[in-house]
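Following: one structure in structure tokens, then a few remarks.
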Amino acid sequence: MPTLSEVTAALDRIYPRHWAEDWDRVGVVCGRPDITVRRVLCVVDVVPETVIEANERDCDLIVAHHPLLLRGVSSLDPAADYKGDLVHTLIEQNIGLYVAHTNADVAAPGVSDALAERLGLTGLRPLRPLEGPEHEGSGRGIGRIGDLPETTFASLLEHAAKVLPPTAWGVRGAGDPERTVRSVAVCGGAGDSHLADAVAAGADVFLTADLRHHPVSEHLARGGPALIDAAHWATERPWLDTVAGQLSDLVDDAVVSDIDTDPWTIHQNSGVNRVES
Ligand SMILES: [Zn+2]
């Protein structure tokens with residue numbers, strides 16, 4: 001059985017830390033390098049529910065997408081904040097924590113590949129390719145764009161709601177329901193800073209999460225691609241299967257958390273499912 005340092009070194013080779021954005025914090029968060037890792041739990045978020053799950057499923061290591069500690073901390077007082085409490089719990093239960101975030105977003109295969117494959121997109125290429133000699137022709141970069149057999153925007157929305165991991169949020173769409181769709185861009189997580197990339201790539205639809213009123217409204221007024229706003233967790237959960245597969249030869253068992261950690265857990269609408277324009 002591998003040690004924690006062997007597993008995290010393997011993850012560092014698949015998701016090199018220097019591929020992460022400068023503001024990001026990736027790699028080992030806690031865990032002694034010499035502990036034996038039999039079972040790994042892959043999660044999007046390190047929250048009380050997924051830490052309990054790791055303990056209940058007898059996991060030695062959590063591989064998470066989102067950093068637990070992104071900004072500088074000066075205290076891990078468990079009485080003062082839940083994050084301090086989670087770090088104490090992880091250490092007391094001898095569970096290591098490793099994060100692959102924006103370095104996993106740009107990897108190929110990465111977060112947006114898994115999302116695009118759920119939708120059935122083919123001929124995937126990066127929406128914004130990584131530049132530099134290290135990345136030449138690698139297919140690495142932010143987001144993906146690919147193709148679908150011709151459909152309508154309304155049918156694609158229905159399809160996306162079915163194939164993405166279920167959440168209370170579901171999906172919401174912005175654009176003409178009858179619009180013909182062949183080319184679809186996706187970006188796992190909050191992708192509104194890549195609306196212009198989706199336009200430049202000539203996508204008919206852009207699917208991402210955390211879209212906001214003004215950028216969406218202005219984007220549509222300029223005649224940009226139709227938009228699908230999915231739950232943040234649902235856009236990144238498909239990648240957990242990728243990581244678990246990448247670890248399957250190394251550890252006894254690599255399992256995936258299906259606890260929906262999207263913070264939006266209630267969805268109530270007025271009964272209007274489509275506003276005719
Ligand atoms: Zn995210």
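The values are calculated or read from the model by the stated rules, or taken from the named source; none is laboratory data. Quick caveat, the model's predicted, so the values are computed rather than measured. Counting neighbours? That spans all protein chains shown, and the Cβs are built from the backbone with ideal geometry, glycine included.
If you go through the range 154-172 and keep only what is assigned to a helix (DSSP H, G or I) and over 17 Å from the mean Cα position of the chain (by Cα), you end up with 154, 155, 156, 157, 158, 159, 162. Going by the conditions given, is residue 189 on the phi > 0 side of the Ramachandran plot, under 14 Å from the mean Cα position of the chain (by Cα) and in contact (Cβ under 8 Å) with a residue 60 or more places away in the chain? When the stated conditions are applied, residue 189 passes them. Here 209, 221, 198 are screened, and the one residue that is assigned by TED's automatic domain parsing to the domain that holds residue 173 and within 28 Å of residue 11 (Cβ to Cβ) is 209. Of all residues in the range 78-132, those being among the polar types (S, T, N, Q) and without any contact (Cβ under 8 Å) to a residue 24 or more places away in the chain number 0. Cβ-Cβ distances below 9 Å connect the following pairs, each with a first residue in the range 244-269 that is touching a residue at least 12 places away in the same chain (Cβ under 8 Å), a second residue that is assigned to a loop (DSSP other than H, G, I, E, B) and of a type in the set (Phe, Trp, Tyr), and a separation of six or more residues or different chains: 262/169; 264/169; 265/169; 267/169.
Only a single criterion out of (1) out of contact with any strand residue (DSSP E or B) (no Cβ under 7 Å at 6 or more places or on another chain); (2) over 26 Å from residue 172 (Cα atoms); (3) outside any loop (DSSP other than H, G, I, E, B) is not satisfied by residue 254, namely (1). Tell me yes or no: at least one residue of the range 125-142 is in a strand (DSSP E or B) and not assigned by TED's automatic domain parsing to the domain that holds residue 184. Looking for residues that are in a strand (DSSP E or B) and not assigned by TED's automatic domain parsing to the domain that holds residue 184, one finds none in the range 125-142, hence no. On the basis of being at pLDDT below 95, among the β-branched types (Val, Ile, Thr) and away from the ligand (no atom under 16 Å from the Cβ), does residue 51 make the cut? For residue 51, the condition - at pLDDT below 95, among the β-branched types (Val, Ile, Thr) and away from the ligand (no atom under 16 Å from the Cβ) - is not met. If you take the residues in the range 209-222 that are in contact with a Leu (Cβ under 8 Å, 6 or more places away or on another chain) and either of a type in the set (S, T, N, Q) or farther than 21 Å from residue 234 by Cβ (or both), which one is farthest from the ligand (Cβ to nearest atom)? Per the criteria, the residue is 220. Scanning the range 155-193 for residues that are within 16 Å of the ligand (Cβ to nearest atom) and in contact with a Phe, Trp or Tyr (Cβ under 8 Å, 6 or more places away or on another chain) yields 165, 167, 169, 186, 187, 188, 191.
Under the condition of being within 14 Å of the ligand (Cβ to nearest atom) and either under 19 Å from residue 39 (Cα atoms) or touching an Asp or Glu at 6+ places or on another chain (Cβ under 7 Å) (or both), the residues counted in the range 68-107 number 4.
When residue 227 is tested against (1) in the same structural domain as residue 118 (by TED's automatic domain parsing); (2) assigned to a helix (DSSP H, G or I), only condition (2) is not met.
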